[in-house]
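Peer 1: First, the structure itself, so that you have it in front of you.
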Amino acid sequence: MAEKTGGRGVVLVSGGMDSAVTAALAREECRFLAFLHVRYGGRTQLREERAFRELVFRMAPDRHLVTDCPSLRDIGGSALTDRSLEVPEGALDREGIPVTYVPFRNAHFLSVAVSWAEVLSCDRIYIGAVEEDSSGYPDCRRIFYDAFEQAARLGTAPAGSSLSIRTPVIRMEKGQIVREGVRLGVPFELTWSCYREGEKACGRCDSCLLRLRGFARAGMTDPLDYEDGSSGSP
């Protein structure tokens, strides 16, 4: 394990595999770690929160918080928040912004994280964004986080603070994330990535297909249960 730098961090943990690996990487660096989960009215909200709480129990951060951002549900515009819109069948070669994009969601999450980081005297925020996803999700690009980091520094006390937004898996493809998670002992069986509701992941939405491709590329079996028996293994 790498030597801890003594930093204090807030980690946005959705309950998915990318945020779980990000949390494990942050744990290697920070002497104090707080996990933050934001409910926003998504169709898998209950399942994601369960995944978050199970990860908290297993990974034992110093603090954890579950809070709400109902404005995203009220605004709608996404198949994840508006039940009149169907979650489409997955397509890894899809072009353009998909209907599962939640408008400016990560900015809302980061704003909550910055506020809590200021209260907890944390100097860094971690988020499990991946640029492999950014062709359809503009708020998953590092250029976005650079801009938000500058705004957060200007808008927190003391003015001009050194608060940083860290995206340790942003340049990785899903297979690398899986391998890194295995190295760190991440309990992938507790995570949830599917865009649809259910006790088993659908195995057909964009998020499931990305996850399964990641496990296949890593040469490993996904421990999550899928409706069609998918495993991601080659």
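Peer 1: Please enumerate the residues belonging to segment 204-221 that are in contact with a Leu (Cβ under 7 Å, 6 or more places away or on another chain) and under 18 Å from Arg47 (Cα atoms).
Peer 2: Within segment 204-221, no residue meets the criteria.
Peer 1: For segment 1-116, which helices (runs of 4 or more DSSP H) that fit wholly inside it have 2 or more residues that are touching a residue at least 60 places away in the same chain (Cβ under 8 Å)? Walk me through how you get there before you give the answer.
Peer 2: Details: elements: 17-29, 45-59, 70-75.
Those helices (runs of 4 or more DSSP H) span 17-29, 45-59.
Peer 1: Give the number of residues within segment 179-233 that are at pLDDT below 95 and among the polar types (S, T, N, Q).
Peer 2: Total meeting the criteria: 4.
Peer 1: Also, quick follow-up: Sort out which residues of segment 161-190 are in a loop (DSSP other than H, G, I, E, B) and either touching a helix residue (DSSP H, G or I) at 6+ places or on another chain (Cβ under 6 Å) or closer than 22 Å to Gly214 by Cα (or both), and write them in order of number.
Peer 2: Narrowing segment 161-190 to residues in a loop (DSSP other than H, G, I, E, B): 161-163, 167-173, 185-187.
Within segment 161-190, Ser161, Leu163, Thr167, Pro168, Val169, Ile170, Arg171, Met172, Glu173, Gly185, Val186, Pro187 meet the criteria.
Peer 1: Could you tell me which residue of segment 135-144 is farthest from Thr167 (Cα to Cα), considering only residues that are in a helix (DSSP H, G or I) and either touching a Gly at 6+ places or on another chain (Cβ under 6 Å) or in contact (Cβ under 8 Å) with a residue 24 or more places away in the chain (or both)? Talk me through it step by step, then tell me what you get.
Peer 2: Step one: list which residues in segment 135-144 are in a helix (DSSP H, G or I), which gives 138-140, 142-144.
Right, trim to either touching a Gly at 6+ places or on another chain (Cβ under 6 Å) or in contact (Cβ under 8 Å) with a residue 24 or more places away in the chain (or both) and you get 138-140, 142, 144.
Numbers: Pro138: 15, Asp139: 12, Cys140: 10, Arg142: 8, Phe144: 11 Å.
The qualifying residue farthest from Thr167 (Cα to Cα) is Pro138.
Peer 1: Given the condition surrounded by fewer than 21 Cβ atoms within 10 Å (Cβ to Cβ), closer than 30 Å to Arg83 by Cβ, touching a residue at least 60 places away in the same chain (Cβ under 8 Å) and not hydrophobic (A, V, I, L, M, F, W, C), answer yes or no: does some residue in segment 212-223 qualify? Even if it seems obvious, please write down each step before you answer.
Peer 2: First, pick out the residues of segment 212-223 that are surrounded by fewer than 21 Cβ atoms within 10 Å (Cβ to Cβ): 213, 216-217, 219-221, 223.
Now drop any that are not closer than 30 Å to Arg83 by Cβ, which leaves 213, 223.
Keeping just the survivors that are touching a residue at least 60 places away in the same chain (Cβ under 8 Å) gives 213.
Filter once more, so that each one left must be not hydrophobic (A, V, I, L, M, F, W, C): 213.
Yes: segment 212-223 contains one or more residues that are surrounded by fewer than 21 Cβ atoms within 10 Å (Cβ to Cβ), closer than 30 Å to Arg83 by Cβ, touching a residue at least 60 places away in the same chain (Cβ under 8 Å) and not hydrophobic (A, V, I, L, M, F, W, C).
Peer 1: Among residues belonging to segment 2-13 that are at pLDDT 95 or above and surrounded by fewer than 24 Cβ atoms within 10 Å (Cβ to Cβ), point out the one that is nearest to Ser111 (Cα to Cα). Walk me through it before giving the result.
Peer 2: Initial filter on segment 2-13 (at pLDDT 95 or above): 8-13.
Still in the running and surrounded by fewer than 24 Cβ atoms within 10 Å (Cβ to Cβ): 8, 12.
On the way: Arg8: 17, Leu12: 11 Å.
Among those residues, the one meeting the criterion is Leu12.
Peer 1: If you don't mind, there's one more thing I want to ask. In segment 28-52, which residues are buried (at least 16 other Cβ atoms within 10 Å of the Cβ) and more than 18 Å from Trp116 (Cα to Cα)?
Peer 2: Within segment 28-52, Glu29, Gly41, Gly42, Arg43, Thr44, Gln45, Arg47, Glu48, Glu49, Ala51 meet the criteria.
Peer 1: Quick one: would you say Ala107 is more than 22 Å from Ala201 (Cβ to Cβ) and among the small types (Gly, Ala, Ser)?
Peer 2: yes
Peer 1: Continuing with this model, one more query. Quick check on this structure: which one of Gly42, Gly6, Gly15 is more than 19 Å from Lys200 (Cβ to Cβ) and not hydrophobic (A, V, I, L, M, F, W, C)? So that I can check it myself, show each step before the final result.
Peer 2: Values: Gly42 fails: more than 19 Å from Lys200 (Cβ to Cβ); Gly15 fails: more than 19 Å from Lys200 (Cβ to Cβ).
So the residue among Gly42, Gly6, Gly15 that is more than 19 Å from Lys200 (Cβ to Cβ) and not hydrophobic (A, V, I, L, M, F, W, C) is Gly6.
Peer 1: Take the conditions free of Cβ contacts under 8 Å to residues at least 24 places away in the same chain, of a type outside the set (A, V, I, L, M, F, W, C), surrounded by fewer than 14 Cβ atoms within 10 Å (Cβ to Cβ) and assigned to a loop (DSSP other than H, G, I, E, B) and apply them to Pro158. Does it pass? Show your work before the answer.
Peer 2: Numbers: free of Cβ contacts under 8 Å to residues at least 24 places away in the same chain: yes; of a type outside the set (A, V, I, L, M, F, W, C): yes; surrounded by fewer than 14 Cβ atoms within 10 Å (Cβ to Cβ): yes; assigned to a loop (DSSP other than H, G, I, E, B): yes.
Yes; evaluated as a whole, the condition is true for this residue.
The values are calculated or read from the model by the stated rules, or taken from the named source; none is laboratory data. Every value quoted in this text rests on a predicted model; they were computed, and no experiment measured them. Reconstructed Cβ throughout: ideal geometry from the backbone, glycine too, with neighbour counts over all protein chains shown.
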